[in-house]
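Colleague: Sharing a structure below in structure tokens format, with a few things to ask.
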Amino acid sequence: MSIHYLDFRQYVVQPVLDAMGLGSQQAVSLVLKIAAWESGGCYRLDQVDDARRDGPAFGPYQFERSGFDEVHRLLDTRPALRQMPVAKYRLTDIRDLRCRLDSATFYARILLWGNPGALPAPNAWQGSLDYYLQTWRPGKPPSLAQFRGAWDAWAKGAGT
């Protein structure tokens, strides 16, 4: 069973992104699309596989160690981020991304913030996929149909 996307948006994504001052429609849409693809809409909150080069992956956005460390690097080196509620969301243990959905969303948005490109429009599926691929660099990139299909399944309530 996954979290309904409307609840995840209303109670986790929108409040966190608003607290960060980065709650645009583009950001909310992209964060939700990534959660849909990476975890089936919070259906899988960890992925452990000894064969993975960087795994395991944790949370609704399936953070691996390299992404977690990149967020910490950005938080430590970018003065613009010091104005955000970092202390509220910063974690020391990557495994906490499974239960701290607010922190996981904060980490996802910071990682997206580190990408210098403009966020795609909410209805720009190819742009959303491209931005996700540039930022997350998944080992097995989805096709556009797979990426959109994950969102469609979550939005229709599949797996709930």
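Coordinate-derived values only; no laboratory data. Keep in mind the model is a prediction, meaning the values are calculated, not measured. Here the Cβ is made from the backbone with ideal geometry for all residues, glycine too, and neighbour counts use every protein chain on show.
Colleague: Evaluate the relative contact order of the chain (contact order divided by residue number), counting alpha-carbon pairs under 8 angstrom at least 6 apart; express in whole percent.
Modeller: Taking the mean separation of contacting Cα pairs over the length of the chain, I get 29 percent.
Colleague: Could you tell me which helices of the chain pass both thresholds, a Cα extent of 15 Å or more along their own axis and a mean Kyte-Doolittle hydropathy of at least -0.5, with helices taken as whole DSSP H runs?
Modeller: 25-39, 101-113, 144-155
Colleague: Follow-up question, since we're still on this one. Sorting check: for 5-11, 83-89, 150-156, which peptide has the highest mean count of neighbouring beta carbons within 10 Å, and how do the rest follow?
Modeller: Packing proxy ranking, top to bottom: 150-156, 5-11, 83-89.
Colleague: Moving to a separate point now. Report the residue, chosen from R90, R109, R82, that carries the largest GNM mean-square fluctuation when the chain is represented by alpha-carbon nodes joined by springs under 10 Å.
Modeller: Its mean-square fluctuation being the largest, the pick is R82.
Colleague: Once amide H atoms are placed 1.01 Å from N in the peptide plane, what residues at a sequence separation of 5 or more from F63, or on another chain, have their amide H within under 5 Å of its amide H?
Modeller: So F63 has HN proximity to F58.
Colleague: Roughly how many nanometres apart are two label points built 7 Å out from the Cα toward the Cβ at Q25 and Q10?
Modeller: About 1.9 nm separates the two model spin labels.
Colleague: Also: Using only the Cα atoms of segment 1-139, build the gyration tensor, take square roots of its eigenvalues as a ≥ b ≥ c, and label the shape rounded, prolate or oblate: rounded if a/c is under 1.5, else prolate if a/b is larger than b/c, else oblate.
Modeller: Since a/c stays below 1.5, the shape of segment 1-139 is classed as rounded.
Colleague: While we're on this one: Positive end of the dipole of segment 5-155, charges at C-beta (+1 Lys, Arg; -1 Asp, Glu), about the Cα centre: which of W136, A118, V12 has its Cα farthest in that direction?
Modeller: A118
Colleague: Further question: In deg cm²/dmol, rounded to 500, what helix-only [θ] at 222 nm does the chain give when every DSSP H run of at least 4 residues adds -39500 (n - 2.57) and the total is split over its residues?
Modeller: Here the helix-only value at 222 nm equals -14500 deg cm²/dmol.
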